[in-house]
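Take a look at the structure below.
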Amino acid sequence: MIGELVKVGKTKKPHGTNGELKLHIHEEFENDFNNAKVIFLGVGAPTPFFVESIRGELFPILKLEDIDDRTRAFDHANKEIFLRKEDIAEKQEEASDLEYFYLKGFSIIDETVGDIGEIIDVIEMPQQEMAVLKIKKREVLIPLNENLIVNITKEKKEVKMDLPEGLVEL
């Protein structure tokens, strides 16, 4: 028996042609994930995979043993990632299902307009996650889409974005 599993993130789309996958790991599990030798992917029932390598910090890239081409990587894209409870350093609550939940309290800086405001919440809409900002006493929703996000600086608590013109009419 594999014991109790804790959801720590999700695989995203393949990266390159050697079977690597982009990832989203919930912030509170990053150290545990980076030290893991075995992870479990939600491919039907959670299935164990050996980690060959992990590189990158902000947007980590995972290479699993025996996954050596882009086609095989596609089979493992958009799957939940689990670690064994005993592989997690401290007892932690299961993370939010929202990929960008940790951005609450960060400022959004648009490349053209500049500082837009602070993210007061992150919510899930049918197609994507949205940052909720309060601007001039009204709530404004900004899509948190990897195509719009230029850079996330955790130290400065800033999300630099390239937003379409007119998205945030103040």
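Each value in this text was obtained by applying a stated rule to the coordinates, not by laboratory testing. Owing to the predicted nature of the structure, the values given are computational and were not obtained by experimental measurement. Because the Cβ atoms are built from the backbone with ideal geometry, glycine has one as well, and the counts that use them run over all protein chains shown.
As a length-normalised measure over Cα pairs under 8 Å and 6 or more apart, the relative contact order of the chain settles at 19 percent. Taking amide H positions as modeled 1.01 Å from N, with prolines and chain starts lacking one, the residues under 5 Å from Glu129 and 5 or more places away or on another chain are Leu144. The simple spin-label model puts a point 7 Å past each Cα toward its Cβ; for Ile123 and Val51 those points are separated by 3.5 nm. Simple point charges give the picture: +1 on the Cβ of Lys and Arg, -1 on the Cβ of Asp and Glu, and for the chain a dipole about the Cα centre of about 80 debye. Computed over every Cα-Cα pair of the chain and binned at 10 Å starting from 0, the pair-distance distribution P(r) comes out as 9, 35, 31, 19, 6, 0 percent. Dividing the mean sequence gap of close Cα pairs (under 8 Å, 6+ apart) by how many residues the stretch 5-57 holds gives a relative contact order of 22 percent. Taking amide hydrogens as placed 1.01 Å from N in the peptide plane, the amide H of His15 sits under 5 Å from those of Glu20, Leu21, Lys22, each at least 5 positions away in sequence or on another chain. Residues whose amide H falls under 5 Å from that of Leu163, counting only those 5 or more places apart or on a different chain, are Glu111, Thr112, with hydrogens built in the peptide plane.
Computed about its Cα centre, the charge dipole of the stretch 101-161 is approximately 260 debye, with only Lys, Arg, Asp and Glu carrying charge at their Cβ. What the Cα atoms of the stretch 5-87 give is an Rg and a Dmax of 11.3, 33 Å.
Legend: ranking of residues Thr11, Thr71, Thr47 from fewest to most surrounding C-beta atoms inside 10 Å; resulting order Thr71, Thr47, Thr11. Checking the Cα-Cα distances for Lys134/Lys160; Lys12/Lys157; Lys12/Lys136 against a 27 Å cut-off, the pairs over it are Lys12/Lys136. Converting phi to 3J(HN,Hα) with the Karplus coefficients 6.51, -1.76 and 1.60 and the offset θ = phi - 60°, the stretch 159-165 yields 10, 8, 10, 10, 8, x, 4 Hz in sequence order, with x at every glycine or proline. Annotation: the residues Val43, Val168, sorted from fewest to most other C-beta atoms within 10 Å of their own C-beta, follow the order Val43, Val168.
At q = 0.16, 0.25, 0.30 Å⁻¹ the log10 of I(q)/I(0) for the stretch 101-161 amounts to -0.44, -1.11, -1.48, computed by Debye summation with a single uniform scatterer per C-alpha, solvent ignored.
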